[in-house]
Each structure stands twice: as structure tokens, then as C-alpha cells.
Amino acid sequence: MISGEPARFRDPAFAALLGAVFTMPCSFPVSRVFLALAAMAVLVRGIRESRLPPVPAVAWCAAFFVALTCVVTLNGVNPELGVPKLRKLLWFIGIPVAAAVVTTRRRLFDVLTAWVIGGAVLAVYVLVRNPLQAHAAWQAGQFDTFGAALIDAGSMTNGQRLVLALVAALVMTAIRRRERRREWWTPVAAVLVVAALVLNLKRGSWLAACAVIGVLVAIRAGWKGAAAAVGVVLLALCLPFVRVRLAALRTELEDPHGGRMTMWTEVAPALVRRYPWGVGFRSLTNDMMREIAPDVEPGRDHLHGNIPQILVATGWLGFAAYAVWMLCGLRDAWLFVRGTSGRDPPQHLAALALALMLVALLQNGLVEYNLADAELVLSYGVLMGAAAAGARRVRAGEAPRAF
């Protein structure tokens, strides 16, 4: 039996999970391999010891949602489209795996550290790749201006992954300072991530970052932290392409032009009335949408938001299951934050990071369909599983031995 903090890296399940977390921001195929190895290690140890780790309620909620989604898709309008894509939902296995192995405060710190390093790698990639790609597209005459090309080079998925990495970097910087370990690389990682987040030019990610970092600053930082946050925002607003992106928000809301407002106010209500039990996972087609609203952008096959997409895909019952699942995840995060308040400041900061990262995903999910985004499914799983493990430790009154 592996026990004790110095031995945590010799635990194959935990080592594999760290590999998954590190590669989540920059290479999700590799991250899937590591997560599969972690799941197998947990299963093998459970068989060897004749006891499986406790499965948290949030994992059972996820399992029910996935099972219901499978049934709806098999009986949906386009099972030939949806059924092959159901395998994406398998990767929510990260919830019970993370709950089984992130069993101590030190392991949680290691997970957040791996997240920061992976996020820094992604940030460097975005800072190099986006301008080069935009310049090439501009020179090729695909765009009238370099700014327009730079906007097109941005990735919604990368934007969300950068927000998660930023929260982790700021929190790990604060934890290191509390432990009187003034490491230089966590602040540098935070700066890189902020620069990449701005250059990625995705407004949903900006709004999510401002919201969760604003909460973090209000709770944990003094006036210097608040001034630094305001300074970063003002500096970003000095960039012309940032102002262009923000100015376009009004057009997005006032002129539906087949975009989000059309999908949310016309397409989704009509489909829910027509298919109250759901059309099936990833079974919605552009033709179905354009039959209701002909001006919907060609090629679009989802509704730009978790709530309308899940309601249309799985019906009212599936949406209720989704809501219970997310509320369960938020409950675990809140219990972990509340239970560590005043008792263990470093772990309280780590718990707060998990909560804010999950909130950031859910907030971005209001304007992007990120629940089944292959790159973000893994993040959902690790966050919910780690929060459930933390809540379990709080209820037990002490950190359990590593499974």
C-alpha cells in the first residue's frame, strides 16, 4: 500500500492523472491516454485490494445523464450521426478517477501545479501560432486587415483552457507565498496566460476571466491586487483589436443575423416543442435549424450554449438531469471551500480555485456548447472529481489515506 505524502508520485494512478492534467491544455489525445491509464490503475488496485474507492454523488449524476443521453440518441432523429459521437461522454470517467486519487491537500496542490505548467505551454503556443497564422492569412488576401485575421485565428476552446490555467496560476502563486516559497515561475506563467488570453480574442473567455478573477481579487487580494487587475484590463483596452471585438458585442445582440440570438429565441424553442424528448446527442443538423430560421449560418450544427443545446438534444428530462448534475458539482465545490475556510488557508485557496474554475466553465457554457467539447470534458471531470474528494475530506474531518 502506498501511503504518505513523499510516496504520492510512486502511485501510478496519481502519476497518470498528473500527466493527464498537464497535457489537458495542450494535447487532449495524450491527455486521454493518461486518463485511461489512471482509470486502469484505480481499477487494478481496487481489484487487488478487493475494495473500490467510494464513488461520489456527482459521478452517479454524470452516469445517469450519460445513460439517459445514450437512450435518447438511440431513439433520436439521427442516430447514425449521434451514436458514434457518444464515446466523447466516456471521458467523464475523470470524475470518479480524480475523486479516488486527489485525496490529500498536497496532491491537490500538485494537480493545480500541473495545470499551471500545461497552461503556460498552451499560452506560448497561442502567442506564437496565432500571429503567424493571422499574418499568413492576411498576406494571402483572405482578410482585409491583420486584426480581422487575428480574430479568426482565435480558438474558443483555447480561450476557456487559458481561463482555467489563469485561475490555477494565480492561486498557486498565492499558495507558494503563504508557504514562503517565492517561486518565480508561477507569476511568469500567469503573465504568459494573460497575454495569450488577450491575443486569443474570444469575448466569452474574457468575460468569464473578468468574473472569476474579480471574485478571487475581491476575496483574497488587497488593494495592490485590485489595482493590478484593473491595470491589466485597462492595458488590454488600449489594443485596437480588443476594442473592435468588444464593440461588436452590441451588433451580436441587436442584430440576430442568424447567430446566437436567432438560435436561442427561434430555433431552440421550435425544436423543443417539436421534440420534447430530445433529438439526440450531436444529432442536430444545419438543415433542421435552417428549416426553422433560414438565416442561420451555414454549417452550424449546435446552438452555441449548453442550456439550449442540452434541452434540444436530450429533452426536458435530460435537461433536468444535467441541472441536478451541475448543482451537485457546485455543491461539492462550495462544501470544500466552506469547510476549509479559517482552518487551512492554503487548501482553502486551492478549493476556491476548483470552485472558480468550474464556475468559469459553466459561465462560458452559457454562450458556448462546451459540455461535450472533447478538450474540455477532461477539465470538467478533474474539477468535479477533485472537488468531490475535497468535500469528502471536509466531511470526514481529516484527510483520508491515499486510495
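What follows draws every value from the coordinates through simple rules; no lab data is involved. From a predicted model like this one, the values you see are computed outputs, not experimental measurements. Because the Cβ atoms are built from the backbone with ideal geometry, glycine has one as well, and the counts that use them run over all protein chains shown.
Determine which residues of the range 43-82 fall in the zone a paramagnetic label at residue 334 would reach in this model, i.e. backbone nitrogen under 17 Å from the point 7 Å along Cα→Cβ.
57-58
Report the convex hull volume per residue for the range 25-125, counting only C-alpha atoms, in Å³.
Numbers: hull volume 13.4 nm³, N = 101.
Per residue, the Cα convex hull of the range 25-125 comes to 133 Å³.
Among 389, 211, 39, which one shows the biggest mean-square fluctuation in a GNM of the chain, springs joining Cα atoms closer than 10 Å?
211
With point charges of +1 on the Cβ of Lys and Arg and -1 on the Cβ of Asp and Glu, referenced to the Cα centre of the range 5-396, which listed residue (351, 148, 201) lies farthest in the positive direction of the dipole?
Farthest towards the positive end: 351.
Quick one: 392, 129, fewest Cβ neighbours within 10 Å first, how do they rank? Mind showing how you got there, number by number?
Details: 392 18, 129 14.
If I rank by nearby Cβ atoms, fewest first, I get 129, 392.
With labels modelled as points extended 7 Å from the Cα through the Cβ direction, what inter-label distance (nm, one decimal) is found for residue 287 paired with residue 106?
6.0
Sort 21-31, 69-79 by the packing proxy (mean of other Cβ within 10 Å over each peptide's residues), most packed first. Walk me through the numbers before you get to the answer.
On the way: 21-31: 22.0, 69-79: 18.4.
Ranking, from highest mean packing down: 21-31, 69-79.
Using only the Cα atoms of the range 325-399, what semi-axes does the equivalent ellipsoid have when each is the square root of 5 times a gyration tensor eigenvalue? Give whole Å, largest first.
Gyration-tensor ellipsoid for the range 325-399: 24, 11, 10 Å.
Roughly how big is the range 1-156's charge dipole about its Cα centre, with Cβ charges of +1 (Lys, Arg) and -1 (Asp, Glu), in debye to the nearest 20?
Numbers: 13 positive and 7 negative charges, 122 e Å.
Dipole size: approximately 580 debye.
Based on Cβ point charges of +1 for Lys and Arg and -1 for Asp and Glu, what charge dipole magnitude is obtained for the chain about its Cα centre, in debye rounded to the nearest 20?
On the way: 40 positive and 24 negative charges, 357 e Å.
Using Cβ point charges on Lys, Arg, Asp and Glu, the chain gives about 1720 debye.
Treat each spin label as a single point 7 Å out from the Cα along the C-beta direction, and report the residue 220 to residue 396 distance in nm.
Taking the two extended label points, one gets 2.4 nm.
Please work out which option in (1) 0.96; (2) 1.00; (3) 2.49 gives Cα Rg over 2.2 N^0.38 Å calculated from these coordinates, and answer with its label.
The value computed from this structure is option (2).
Could you work out the relative contact order of the chain, using alpha carbon pairs under 8 angstrom and six or more residues apart, expressed as a whole percent? The partial results should precede the final answer.
Details: 601 pairs, mean separation 103.6, N = 403.
Relative contact order of the chain: 26 percent.
Compute the separation of the alpha-carbon centres of the range 335-363 and the range 135-156 and state it in Å as a whole number.
Cα centroid of the range 335-363 versus Cα centroid of the range 135-156: 39 Å apart.
Once both labels are modelled 7 Å past Cα along the beta-carbon direction, what's the residue 80-residue 10 spacing in nm?
If labels sit at residue 80 and residue 10, their model points lie 5.6 nm apart.
Ordered by packing density, taken as the mean number of other Cβ atoms within 10 Å over each peptide's residues, highest first, how do 156-168, 364-376 rank? All intermediate terms of the calculation are to be shown ahead of the outcome.
On the way: 156-168: 27.4, 364-376: 21.3.
Packing proxy ranking, top to bottom: 156-168, 364-376.
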